[in-house]
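In what follows, a single structure is set out as structure tokens and then discussed.
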Amino acid sequence: MKILRTITLCCLACLSLQATAQSYKLWYDKPALVWTDALPLGNGRLGAMVYGIPATERLQLNEETIWAGQPNKNANPHAKAALPVVQNLIWKGEYRKAQDMCTEKIMSNTNFGMPYQPFGDVYISAPGMDGYSQYYRELSLDSARCLTRWTAHGVNYQREVITSFVDNVVMVRFTANKPHSITFNANFTSPHDDVIIRTDGEEATLEGVAAKHEGLKGKVRFMGRMAAQIKGGEAAKTCRDGVVSVKNADEAVLYISIATNFVNYKDITGNEVERSKQALHTAMAKDAREQMAQHVAKFQSMMHRNSLWLGADKYQNLPTDERLIRFAKQDDNYLVATYYAFGRYLLICSSQPGTQPANLQGIWNDKMFPSWDSKYTTNINMEMNYWPSEMTNLSELNEPLFRLIREVSETGKESAQTMYGKNGWVLHHNTDIWRVTGGIDKAASGMWMTGGAWVSSHLWQHYLYSGDKEFLRKAYPIMKG
């Protein structure tokens, strides 16, 4: 038995060494044409979709707390009186009447939750890149970086993008193999109405207010702020009319910060102006290379705890999109392992301690009114984001989910009394950043009162994996209500 155990441990060690030696990435030989082709970066608070376009790069940006509406409650006060009537209709077999009455009297009569909304975009225009060649773009799942490389007019260019896990900014680093080759203009845009774009010293800013929805005026204010640092004896930078310009640099780093006035689901008194300034100025006071290294180290401290070994990479010379096309006809176990790594990567990038939980699209969204509002669908979708967290050694990434559970247990107490005249708390099949707990949508999907029990199962699972009795002592009152 001791010999068998030794052999088993040796085999596991070999597998671990093999897995550690692997490099997981998504790579392509052409720029993204549409949003779903772009490559996702995130640090829990900020999300970026990187298109990798040499002449006019596009970074589509999100900040986790830009949601429509304002603090509100959506429990229907007519539900309590309607419930016994609905129950009687069910006993009589009049199911259609019961369903219609639920929709009219029990589902929310104010709103069905607010949509998660984008911040906007940064466009980076570089002259003379129309005839580029030797193109390559990559999302490194080992370092949470997007790399874009190409050659134009005999110069090799590279853009490196991160959403820093350490400094809470988006960083774009521009390099080339010949001096004085970095020239570009960078500007903000946004799909929100009436945004204000202007210059604040050497910084470009964009400020706006999240859109109203279903009668609730938008109250989330947001501000983006952007500035550049450059290297090179002949380099110059300016900022005018909301455009950051760099000319003839050897190297440049573009910094982007985004902040809102959101504090928590019932408090939106934060100062988005000062928050955006602090994040930008703190980041720009540091050495860029050191920042990049700290970002990679922080990410790898989570990503490299676990990996899946399914064999060597037999098709490493094929772009990822080509491998996907061929997957139906050729065995590509390494692509499967990459997909596994990508799943863990997305959770790391969209759910960090102290942030909001991963919503229906993680943190990445380019639409003002995304599918299902990109809310927290609590009858399956939100839970699916977190199913791999414990078993793949990302336990602390549950903290945002556990905080949401605690918060809906608070708002759900009032809904339980208002709608059902009951103690405890209730959560239906959807909630949002405002932690609404009333019935959402029509009765066919929304007349489902067991969201609280469903999400609370994650508290128990955390205890089963961690054995943390102190956590269980705190969690049990939440489950109990």
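The values are calculated or read from the model by the stated rules, or taken from the named source; none is laboratory data. Predicted, not measured: the structure shown is a model, and the values here were computed from it. Glycine gets a Cβ as well: all are built from the backbone with ideal geometry, and neighbour counts include every protein chain shown. In case anyone asks, the SASA skips ligands and DNA or RNA and just uses the protein heavy atoms, side chains included. Shrake-Rupley method; radii C 1.70, N 1.55, O 1.52, S 1.80 Å.
Things to note:
- Within segment 236-262, tally of residues that are over 13 Å from residue 201 (Cα atoms), within 30 Å of the chain's Cα centre (by Cα) and outside any strand (DSSP E or B): 2
- Some residue of segment 442-452 being at positive phi, assigned to a loop (DSSP other than H, G, I, E, B) and among the basic types (Lys, Arg): no
- Residue check: residue 296 meets all listed conditions (1) open to solvent by 20 Å² or more (accessible area, probe 1.4 Å); (2) more than 30 Å from residue 70 (Cβ to Cβ); (3) at pLDDT 95 or above; (4) not in a helix (DSSP H, G or I) but one, namely (4).
- Matching residues in segment 88-100 - criterion: being open to solvent by less than 100 Å² (accessible area, probe 1.4 Å), assigned to a helix (DSSP H, G or I) and either more than 12 Å from residue 447 (Cβ to Cβ) or in contact with a helix residue (DSSP H, G or I) (Cβ under 7 Å, 6 or more places away or on another chain) (or both): 88, 89, 90, 98, 99
- Hits in segment 110-128 - residues which are open to solvent by less than 10 Å² (accessible area, probe 1.4 Å) and more than 25 Å from residue 359 (Cβ to Cβ): 124
- Among the residues here, residue 233 does not qualify as in a loop (DSSP other than H, G, I, E, B), surrounded by fewer than 21 Cβ atoms within 10 Å (Cβ to Cβ) and touching a Phe, Trp or Tyr at 6+ places or on another chain (Cβ under 9 Å).
- When the test is whether a residue is in a helix (DSSP H, G or I), open to solvent by 20 Å² or more (accessible area, probe 1.4 Å) and either over 18 Å from residue 433 (Cα atoms) or out of contact with any His (no Cβ under 7 Å at 6 or more places or on another chain) (or both), residue 310 does not pass it.
- Residues in segment 64-83 that are within 18 Å of residue 411 (Cα to Cα) and among the small types (Gly, Ala, Ser): 69, 75, 79.
- Among all residues of segment 330-346, there is none that is touching a strand residue (DSSP E or B) at 6+ places or on another chain (Cβ under 7 Å) and β-branched (Val, Ile, Thr).
Conditions (1) out of contact with any helix residue (DSSP H, G or I) (no Cβ under 9 Å at 6 or more places or on another chain); (2) assigned to a helix (DSSP H, G or I); (3) open to solvent by 20 Å² or more (accessible area, probe 1.4 Å); (4) of a type outside the set (S, T, N, Q), marked per residue:
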residue: 318; (1), (2), (3), (4): no, no, yes, yes
residue: 337; (1), (2), (3), (4): no, yes, no, yes
residue: 341; (1), (2), (3), (4): no, yes, no, yes
residue: 410; (1), (2), (3), (4): yes, yes, yes, yes
